[in-house]
Amino acid sequence: MKMFNRWLQSVRDYTGSSKLSLAGEIIISSKQLSQILMLQDVEKTLISKITAELRRQFSYLQIKEQHNVVETSIKFYTYEKFIAETQFLEKFRSALADCLCCLNETDRLKACVSVKGAILNTSFEQKFIFLSKESKVEYKIIDRKEVGNFNDISLHRIKVYGLAAIFGILILYNLYCLYAYIPDHDPSKLLHPVNLKSAKWKIDI
């Protein structure tokens, strides 16, 4: 069932009305800036759970953990990916805020966000950044421009609808051929009776 849901979500995203490019990270360090971050098992488990939840919510993003000497990062990346989510910026902001809240509530960890990207829809393209202060996350539109009628989204939709129309025509054509091929539409008439008495062969036992 999970595989089917993932496949269905992939189809929805492929036929989506937005195209997303994004790069950034959640940076996790020690609250004591003079100390090197050495994660405890419970902290590693918390970070793994956060990463897994982000992957579940944003399957169209590449998300991975990176452990350095001084800090740990949860990195995000995608390039010109079609998505079906129409409120991506607010959904992503809320998810990042929840992550920072969980991490900053711990005794030893301090987290912040640095993300930038661009999102294109049928009307305009927006460039954005995400920034944080403590557990508060906000995004800001730093550039916005209108796009013409024949932009990447429109051309992509024409391709998707064209492929869907061709696929539908092929299905109808094959159903018609199957319907026309069967005599009187009775499948039993496809099997011809065999007269064993007139057969010129025999089986030796």
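The values are calculated or read from the model by the stated rules, or taken from the named source; none is laboratory data. Since the structure is predicted, the reported quantities are computational estimates derived from the model, not experimental observations. All Cβ positions, glycine included, derive from the backbone under ideal geometry; neighbour counts span all protein chains shown. Just the protein is used for accessible areas: all its heavy atoms, side chains included, with ligands, DNA and RNA removed. Shrake-Rupley method; radii C 1.70, N 1.55, O 1.52, S 1.80 Å.
Observations on the structure shown:
- Filter result (assigned to a helix (DSSP H, G or I) and open to solvent by 60 Å² or more (accessible area, probe 1.4 Å)) within segment 49-59: K49, E53, R55, R56
- Within segment 19-58, the residues that satisfy the criterion of being touching a residue at least 60 places away in the same chain (Cβ under 8 Å) and either touching a Gly at 6+ places or on another chain (Cβ under 6 Å) or of a type in the set (G, A, S) (or both) are S21, L22, A23, G24, S29, S30.
- Residue, farthest from C101 (Cα to Cα), within segment 19-40, restricted to residues that are open to solvent by less than 10 Å² (accessible area, probe 1.4 Å) and touching a Phe, Trp or Tyr at 6+ places or on another chain (Cβ under 7 Å): L20
- Residue selected from segment 79-92 under the condition surrounded by fewer than 17 Cβ atoms within 10 Å (Cβ to Cβ) and assigned to a strand (DSSP E or B), by the criterion modelled with the highest pLDDT: Y79
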